[in-house]
1. What nm value, rounded to one decimal, do you get for the distance between GLN106 and ASN6 when each label is placed 7 Å out toward the C-beta?
2. Name the long-range amide H neighbours of ASN6: under 5 Å, sequence gap of 5 or more, or other chain; modelled H, no Pro or chain starts.
3. Taking K and R as +1 and D and E as -1, what net charge do the other residues with C-beta under 11 Å from the C-beta of LYS157 add up to?
4. Please give the residues of the stretch 95-117, grouped as numeric ranges, whose backbone N is less than 17 Å from a label point set 7 Å along the Cα-to-Cβ vector of THR130.
5. Extension gain SER14-SER161, at 0.36 nm per residue separation less the Cα-Cα distance, in nm?
6. So how exposed is ASP134, as accessible area in Å² (1.4 Å probe, rounded to 10)?
7. Give the long-range amide H neighbours of ALA169: residues separated by 5 or more places, or on another chain, with amide H under 5 Å away, using H modelled in the peptide plane at 1.01 Å from N.
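The values are calculated or read from the model by the stated rules, or taken from the named source; none is laboratory data. Bear in mind that the values here come from a model prediction, so they are computed numbers and not experimental data. Cβ placement follows ideal geometry from the backbone for every residue including glycine, while neighbour counts extend to all protein chains displayed. The accessibility values were calculated without ligands, DNA or RNA, using every heavy atom of the protein model including side chains. Shrake-Rupley method; radii C 1.70, N 1.55, O 1.52, S 1.80 Å.
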Amino acid sequence: MHAFNNILIAYDGSEGSVKAVKLGIDMMRRLDSNITVLHVLEEKMTGAPVASRQPEALPIGGFGLQDMNMYANNVKEPAPSNRPSEDVHYDPTEESAREIRELLAQERVEAPVEVMVGDPSKTICKFAETQNHDLIIIGSRGLGGLKKLILGSVSDKVTNSATCPVLVAK
């Protein structure tokens, strides 16, 4: 029987990855193992909209957000905004780490949380190998039919590329 002492749990915020975290916590408790939770953000997902007051940063032939004030004379109440204010720096890696830590706290578990930017499947496999993990637990998003055939899934890619066993949580 193979001992799983150092378990890596891949998390992406999906329902499948939440199941993977819960399964990993259960295995950690039963096997007296260590877990690490890893969330890999794709580079294209980390860009946050930022309002700029510098003219050279304005779009060619367009205008910046601050130029919209000239149209605001007839507005009685400002529109609600879900964007962070200019004084607040939005960091998607911090937001992701916070979500994972909240999930772990609900389960009363303390574990390392890593957030990295890159290609998810490659980064998960490389991290598992370099950090000597002996099991990867990853969620299944359940891509179906044509979408799975064309795009593949991160769990499929990890299963086929990892140097250690992979458990896919459904």
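1. 2.9
2. Answer set, sorted by chain and number: ASN34, ASP134, LEU135.
3. Numbers: positive: LYS122; negative: ASP119, ASP156.
Residues near LYS157 contribute -1 overall.
4. Label zone hits: 113-117.
5. Details: separation 147, 0.36 × 147 = 52.92 nm, distance 2.15 nm.
Result: 50.8 nm gained on full extension.
6. Taking all protein chains as shown, ASP134 has close to 30 Å².
7. ILE138, GLY139, SER140
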